[in-house]
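Chemist: Supplied in structure tokens, the structure appears directly below.
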Amino acid sequence: MSKKDSKNDKSGLTRRQFINATALAGLAGTTGLGAGLIPAAHAKTKHPKGTVGPGELDEYYGFWSGGHSGEVRILGVPSMRELMRIPVFNIDSATGWGITNESKEILKGGGGPYLNGDAHHPHMSMTDGRYDGKYVFINDKANTRVARIRCDIMKTDKVISIPNVQAIHGLRVQKVPHTKYVFCNAEFRIPHPNDGRDINDPSKYLTMFNAIDAEKMEVAWQVIVDGNLDNTDADYKGKYACSTCYNSEGAVDLPGTMRNERDWAVVFNIPRIEDAVKAGKFTTLGDSKVPIVDGRHGSEYTMYIPVPKSPHGLNTSPDGKYFVANGKLSPTVTIIDIDKIDDWFDGKLKDERDVVVGEPELGLGPLHTAFDGRGNAYTTLFIDSQIAKWNVADAIKAYQGKKVNYIRQKLDVMYQPGHNHTTMGETRDADGKWLVSLCKFAKDRFLPVGPLHPENDQLIDISGDTMKLVHDGPTFAEPHDCIIVHRSKMKPLKIWKRNDPFYAKTTAMAKKDGIVLEKDNKVVRHGNKVHVYMTSIAPNFGMTDFTVKLGDEVTVVVTNLDQIEDVTHGFTMTNHGVVMEIGPQQTSSVTFIADKPGVQWFYCQWFCHALHMEMRGRMLVEV
Ligand code: K7E
Ligand code: CUA
């Protein structure tokens, strides 16, 4: 086609541009709200707020938990486009997470092998109350684990299991001076030691608050508490963490758990606990060496603030002044003045309730609260299916008896919101631009897809005086929580570093075998253990075939020599349940038994080249 032919005379557009523009205009006209999903129809038209056009980049990274799918997802905000999935506690068929040797080694740290995880609370490491872009930590309630994701490669690099407790739920990081600790709540109460004694005596059950050394990923200490721990957050002084606590009754059934009118927000005095551990004032349990201090009622390490029964979310305001405990069964949230906690620990206040400076009534089922950095708070109302926007200072005035209306707005969300989160809202940099409401039910918001429904993450513009709903985003089971991080905080790598510790063990194995991973294509045999080393450059594996004997334990090590961004290879051994991802400049390995005779083809499962289909080879299995 000549240049002239391709022009549409009247508009000056090429034919191709013209066809695209009309098609998109048609789409936009019939679809209404679809921020981020429908590209802007005309390049010159101003995008509606929240729309990120094709080829445009989002302003924020959202880190979403994957709930009982066990993973973490990265979404772009405000487009709400899903950018990546990071397998953590789950087995992943695309990347071979849970199948490769590198991932198995990491998962081994969690006491597994387990095939599932229940990820609730992803939170990023901080320095001086600000995201530092280094790690994201996440809990696994199902198997009592905590994992760390390295944000340079966006892979899980540590998984640990927490000793002496069952079910890690709430998780947050120490914000100030930096994330020395990851704080996490063990929820369920069990007897100690849990070796079959006292199983029918719930009065002997207990649970603990846990501090993990964030760099070493080891439990630094544990604190025994009264009640069941739910959610937690830390202050901006580096002094306190606070957890919501239900079941002050110590019951094991629902009616028993509901008996008391009040449960607690428990404050942990970090310096005092550290001093006790240093002074050797602790116990240990069983094989575990983790220091345990007793923080039950009357201890010098904790403070139990009575709040309406069964509180849920616990959130620190970004000005560092308040902890907010969310009522759940009570229509209120409780505002706790953090400076007054100092006074209580110093003996200047007698009654724990004296640290409460507000208890605004917001609506039915308050679960979690987020902040905009302008003095307003946003609380999810699970039962009312609303977000209540309220002003913290006015709520405190109302508690002092002044006649002020602290409610700014209530916005319907669809439906039954659990967590919500504002852009940068759990840090000093809370910027009040966007709010995401993670709704537990979608009901009629999407095309029906069978009895199991997706959930609905709604994007709300909070930059003005009123909240505006701009986007619905279906999500799969079950992102409890998310954080939204400005992109300026993030520096992910584009290609792997050859000396990355992620595959250090494999590199050491190669060295022992006398192999140079960057050039050798060799088979090294140790008895019936066979190490197969190969390179890959699109569209070739360094080896088109290798020979083993039936029953051999085969370890395949592939080093991707491509240096080009986005050229990832894969290695799949047909009929062996074997798959792995090998990113540019990465080394990956997988071990399996060659239990089928004859010709077994392997191939690259990651589209890498026009001849990607041809990127394959044979394992020849002799009998
Ligand atoms: Cu953070 Cu669902 Cu685990 Cu509230 S929890 S909703
Ligand atoms: Cu290499 Cu596809």
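Chemist: Which aspartates and glutamates, if any, have their Cα less than 20 Å from the Cα of residue 340, not counting same-chain residues under 8 positions apart?
Modeler: 233, 235, 263, 300, 319, 351, 352, 354, 359, 394
Chemist: Also, I was wondering about something else. What's the center-to-center distance, using Cα atoms, between the stretch 217-241 and the stretch 444-515 in Å?
Modeler: Centre-to-centre distance over Cα atoms comes out at 26 Å.
Chemist: Hull surface divided by four, with the convex hull built on the Cα atoms of the stretch 112-243: how many nm²?
Modeler: Computing the convex hull of the Cα atoms and averaging its projections yields 8.1 nm².
Chemist: Using the basic label-point model (7 angstrom from Cα toward the beta carbon), what is the residue 623 to residue 547 distance in nanometres?
Modeler: 1.7
Chemist: Checking the a/c ratio against 1.5 first, then a/b against b/c, what shape does the Cα gyration tensor give for the stretch 80-171?
Modeler: oblate
Chemist: Next question, about the same structure. Can you give the FRET efficiency for residue 408 and residue 498, using 1/(1 + (r/R0)^6), R0 = 56 Å, r = Cβ-Cβ distance, to the nearest 0.05?
Modeler: According to the calculation, E is roughly 0.55.
Chemist: Sorting 500, 233 on the 10 Å Cβ count, fewest up front, what's the list?
Modeler: Ascending number of Cβ neighbours within 10 Å: 500, 233.
Chemist: Can you give me the Rg/Rh ratio for the stretch 293-388, using Cα atoms for both radii and the Kirkwood formula for Rh?
Modeler: For the stretch 293-388, the value is 1.00.
Chemist: In addition: Is the chain best put as rounded, prolate or oblate by its Cα gyration tensor, with a ≥ b ≥ c the root eigenvalues, rounded for a/c under 1.5, and otherwise prolate when a/b is larger than b/c, oblate when not?
Modeler: oblate
Chemist: Which of the aspartates and glutamates could be linked to residue 549 by a straight reach, that is with a Cα gap under 13 Å, when you skip same-chain ones fewer than 8 residues away?
Modeler: 595, 622
Chemist: Which entries of 49/494; 328/433; 239/350; 49/389; 104/512 have Cα-Cα distances beyond 24 Å here?
Modeler: Checking Cα-Cα distances, 49/494; 328/433 exceed 24 Å.
Chemist: Any chance you could run the full-extension gain for residue 349 through residue 195? It's 0.36 nm times the residue separation minus the Cα-Cα distance, nm to one decimal.
Modeler: Going from the current span to full extension adds 51.3 nm.
Chemist: Let me ask another. Rounded if a/c is under 1.5, else prolate if a/b beats b/c, else oblate: with a ≥ b ≥ c from the C-alpha gyration tensor eigenvalues square-rooted, which is the stretch 439-496?
Modeler: Since a/c reaches 1.5 but b/c is at least a/b, the shape of the stretch 439-496 is classed as oblate.
Chemist: Next question, about the same structure. Label residue 518 and residue 477 with points 7 Å out from Cα along Cα→Cβ: what is the distance between them in nm?
Modeler: Inter-label distance under the simple model: 4.6 nm.
Chemist: Between residue 603 and residue 488, what is the FRET efficiency for a Förster distance of 56 Å, r being their Cβ-Cβ separation, to the nearest 0.05?
Modeler: Calculated transfer efficiency: 0.90.
Chemist: Using only Cα atoms, locate the centre of the stretch 564-585 and the centre of the stretch 527-557, then give the distance between them in Å, rounded to an integer.
Modeler: Between the Cα centres of the stretch 564-585 and the stretch 527-557 lies a distance of 14 Å.
Chemist: If R0 is 30 Å, what FRET efficiency do you get for residue 213 and residue 319 from their C-beta distance, rounded to 0.05?
Modeler: Result of the calculation: an efficiency of 0.60.
Chemist: Still on this structure, please answer the following. Go ahead and estimate [θ] at 222 nm for the chain from helices alone: -39,500 (n - 2.57) per DSSP H run with n ≥ 4, summed, over the residue count, rounded to 500.
Modeler: Rounded to the nearest 500, it is -3000 deg cm²/dmol.
Chemist: Hey, another quick one. Report, as a whole number in µm² per second, the diffusion coefficient that Stokes-Einstein gives for the stretch 400-459 at 37 °C and 0.692 mPa s using the Kirkwood radius over alpha carbon pairs.
Modeler: After rounding, the answer is 236 µm²/s.
Chemist: Return the percentage of antiparallel bridges among DSSP beta bridges fully within the stretch 404-561, rounded to the nearest 5 %.
Modeler: 75
Chemist: Report Rg (one decimal) and Dmax (nearest whole number) for the stretch 508-598, counting Cα atoms only, units Å.
Modeler: 12.8, 39
Chemist: Listing 259, 189, 618, 73 from the residue with the fewest other Cβ atoms within 10 Å to the one with the most, what is the order?
Modeler: 259, 618, 73, 189
Chemist: Just to be sure I understand: of the beta bridges DSSP finds with both ends in the chain, what percent are antiparallel, rounded to 5?
Modeler: 90
Chemist: Turning to a different aspect of this structure: Please list 115-122, 527-534 highest first by mean number of surrounding beta-carbon atoms within 10 Å per residue.
Modeler: 115-122, 527-534
Chemist: Measuring from label point to label point, each 7 Å out along Cα→Cβ, what is the residue 94 to residue 56 span in nm?
Modeler: Inter-label distance under the simple model: 2.5 nm.
Only the coordinates and a few stated rules stand behind these numbers; no lab work does. Keep in mind it's a predicted model, so treat the numbers as computed, not measured. Note that we place each Cβ from the backbone using ideal geometry, even for glycine, and neighbour counts take in every protein chain shown.
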